[in-house]
1. If I model a spin label at residue A:24 and residue A:166 as a point 7 Å from the Cα along the Cα→Cβ vector, what separation in nanometres do I get?
2. If each label sits 7 angstrom from Cα along the C-beta direction, how far apart, in nm, is residue B:320 from its counterparts in the other copies?
3. Angle check, please: helix B:177-186 long axis (alpha carbons) against the longest principal axis of chain B (alpha carbons), in degrees 0 to 90, nearest 10.
4. Specify, per residue and in Å³, the volume enclosed by the convex hull of the alpha carbon atoms belonging to the range A:44-104.
5. I want to check the label-to-label distance for residue A:238 and residue B:316. Put each point 7 Å from Cα in the C-beta direction and report it in nm to one decimal.
6. Once the label point is set 7 Å along the Cα-to-beta-carbon vector, what list of distances in nm do you get between residue A:25 and its counterparts in the other copies?
7. So for the protein assembly as shown, what are the equivalent ellipsoid semi-axes in whole Å, largest first, each being the square root of 5 times an eigenvalue of the Cα gyration tensor?
8. Quick one: compute the contact order of chain A, relative version, from alpha carbon pairs under 8 angstrom and 6+ residues apart, as a percent.
């Protein structure tokens with residue numbers, strides 16, 4: 001089969017690799033229909049992270065059809081259409097028992113980093129029954145793909161962590177897909193949302209989806225408004241935590257969703273008397289069924305997150321488009 | 001009358017000063033029976049803070065008898081025994097309407113810093129009706145004095161901010177009076193509490209009041225235990241936030257109650273995947289009636305916080321004892 005293999009920094013290849021086989025009774029194999037690129041794949045490619053092991057197939061987001069199941073798998077059947085969670089979990093260890101699947105002692109964020117991932121025609125998923133979800137027929141394959149990571153990152157780190165009765169205005173520091181997903185959920189709450197970004201095409205999408213105010217983040221004029229909730233989710237090491245601390249109001253919340261390489265400066269000396277709460281976190285994919293219900297109830301349409309769809313002959317072209325920051329999620333459909 | 005006047009760094013004096021007069025219809029004057037020293041008074045004395053204006057009577061904690069009331073004061077009467085909140089608030093401004101009395105636009109933490117405070121025979125309290133509370137006869141004067149600041153700092157910043165159903169073990173970084181007050185409240189919840197400190201006499205009091213484990217904070221061996229709740233409340237610039245970040249477990253909380261001069265280093269790069277929440281804050285004295293109810297229900301005895309009582313001739317001796325860290329609150333009773 002074909003898979004996108006990380007060789008080393010700045011060398012990846014869509015090449016012929018051995019197809020996966022069942023090596024454990026709890027594993028399943030999924031024939032991938034679509035996958036999508038993520039910043040956390042591009043960073044190792046650039047050499048900014050060393051999270052991906054050499055000669056590993058990258059990718060942690062995917063939707064496909066179950067093609068083989070281990071002997072202990074009972075709830076899933078061959079031909080089920082499933083979304084693969086970017087967090088794989090055993091459902092047995094002490095962290096899984098608390099719902100902290102990302103911290104699973106036997107798995108976690110391993111797909112496409114420690115074990116072969118979803119940028120391939122087939123992927124083997126450990127702990128298959130707890131790590132994939134069947135997609136209802138009303139949800140399209142591209143919509144379902146947004147459940148692997150983006151929608152759940154937004155929902156679990158923001159929507160589930162905040163009492164929106166106490167929130168009037170929200171600042172989103174980022175114009176990327178996570179920020180857009182947060183906006184899509186926030187639309188149910190009718191809050192005033194301000195987006196700090198600088199990619200014109202993407203910012204138009206934010207406006208079209210309910211953002212009330214756009215502030216150019218490259219400009220140093222951020223206004224005097226103080227926000228009840230500030231979410232920074234730029235996905236890189238740019239110091240947006242400093243901006244978040246400037247924007248946060250009294251008795252308010254900062255949520256930090258980022259891949260960090262370095263510590264940050266926390267102005268506790270200025271913020272302590274403002275009664276600030278800071279929340280950090282990684283998704284667990286534990287709320288996937290809730291988000292499926294939100295989509296079925298038409299509270300949000302994940303298609304807004306999909307900027308482009310490429311076919312099976314365009315994998316490298318799609319990956320090489322990564323640095324073009326004018327788009328949200330780029331999807332590859334291997335069945336096109 | 002006599003008052004303890006801050007002249008300048010390292011010079012204070014228990015000297016004859018003019019008695020206060022009513023200058024506004026909402027003011028009251030309280031004849032002080034007891035006051036107690038606080039770290040936030042000693043810091044300006046040492047020149048570590050410039051929060052106290054020169055020639056101001058220091059002090060923000062006190063219990064006494066209402067001696068004069070302004071014309072608009074209706075709920076309080078002369079001879080009522082009251083505790084003075086360390087946070088004075090107008091109850092009208094936009095912050096007061098949200099319960100953020102410490103951030104009151106017209107007052108806040110002004111007593112003993114911007115206006116004459118409680119280390120005196122009489123103190124004038126602005127916005128008297130919203131800034132003092134009548135003490136029930138069952139509560140002693142020394143017990144009531146702990147409601148000015150210590151008990152409310154503990155209750156509002158920890159007890160009201162945490163869902164204790166999710167907490168099994170607690171780390172208190174400090175062996176001071178705030179930490180002890182937190183322990184007294186925590187005893188109702190039957191949690192395992194570990195105290196990090198190094199003052200032997202005080203640590204005995206923690207043990208006698210239910211702390212399960214004592215760890216010497218001067219030692220660099222803190223053990224492997226991870227805590228569901230870490231509270232740092234050392235009251236000075238020592239970098240206990242670093243220790244708090246080492247001790248905090250997955251899906252857990254750090255609460256930071258401190259007077260800071262400098263920013264701190266926040267290891268967001270290590271903590272983001274642990275789903276950490278950080279809460280900071282200053283008390284508002286808004287929950288005073290709730291804490292009075294807890295004392296009346298005998299859930300805790302604030303007398304534990306009082307290490308020594310001095311009489312009116314021992315004010316300077318008591319103040320000069322401040323650097324003796326072997327004790328909790330030192331109280332001066334001007335009627336002895």
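We did not get these values from a lab; they are worked out from the coordinates using the rules stated. None of these values were measured; they are calculated from a predicted model. As a convention, Cβ positions derive from the backbone with ideal geometry for all residues, glycine included, and neighbour counts pool all protein chains shown.
1. With each label placed 7 Å out from Cα toward Cβ, I get 4.1 nm.
2. Label-point distances to the other copies, shortest first: 8.2 nm.
3. The helix B:177-186 is inclined about 70 degrees to chain B.
4. Considering the Cα atoms of the range A:44-104, their hull volume per residue is 136 Å³.
5. Distance between label points: 6.1 nm.
6. Counterpart label points of residue A:25 in the remaining copies fall at 8.4 nm.
7. Working through the eigenvalues yields semi-axes of 57, 26, 21 Å.
8. 17 percent
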